[in-house]
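Colleague: Below is a structure I'd like to ask you about.
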Amino acid sequence: MTYDPYRQPEQYQPYAAGPPPQQRADYEYAERLRSERRANNIAHLVQGVTGLIVAIFAAHVLFVVLDANQANGFVATVYMLAKTLVLGLGDVFTPDDAVVGVVMNYGLAALIYLVVSQLICKALRRD
């Protein structure tokens with residue numbers, strides 16, 4: 001090859017089908033990592049919200065079992081939140097003892113919330 005001082009430098013010609021194969025693989029790997037990170041963040045959010053709801057149910061059951069003062073603002077707020085979040089499961093079981101009924105019904109609601117959230121998280125994190 002000889003030196004030609006009048007020769008123009010060659011212009012960079014990109015690949016017709018996009019970036020070179022190695023760059024494309026790196027891009028696809030990075031995109032998959034971003035997608036997995038998004039799914040994990042959403043799954044963590046779902047688990048956090050479910051944990052908060054289950055904690056509200058547990059506090060309500062604890063307040064009922066220990067016969068807490070219903071006139072207290074915090075106890076009344078927890079009762080109102082638990083009653084709202086139970087979604088119709090508050091009267092599935094109707095035993096003679098009302099305390100046992102609250103424990104069973106709100107325990108069932110908490111269990112359903114936990115199972116559904118685990119299914120959602122598993123679906124989000126699937127490969």
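Here, each number is a calculation from the coordinates, and none is a lab measurement. What you see is a predicted model, and the numbers here were worked out from it, not measured in a lab. Quick reminder, even Gly has a Cβ in these numbers, built from the backbone with ideal geometry, and neighbours come from all protein chains shown.
Colleague: Treat the count of other C-beta atoms within 10 Å as a stand-in for reagent exposure and order SER117, SER35 from fewest to most.
Modeller: SER35, SER117
Colleague: Another one. Arranged from highest to lowest average of other beta-carbon atoms within 10 Å per residue, in what order do the peptides 99-111, 64-76 appear?
Modeller: Top of the packing list down: 99-111, 64-76.
Colleague: Next question. Is the shape of the stretch 70-120 rounded, prolate or oblate, going by the alpha carbon gyration tensor and its root eigenvalues a ≥ b ≥ c, with a/c under 1.5 for rounded and a/b larger than b/c for prolate?
Modeller: oblate
Colleague: Can you pull the semi-axes for the stretch 17-127, root of five times each eigenvalue of the Cα gyration tensor, sorted largest first, whole Å?
Modeller: 45, 14, 8
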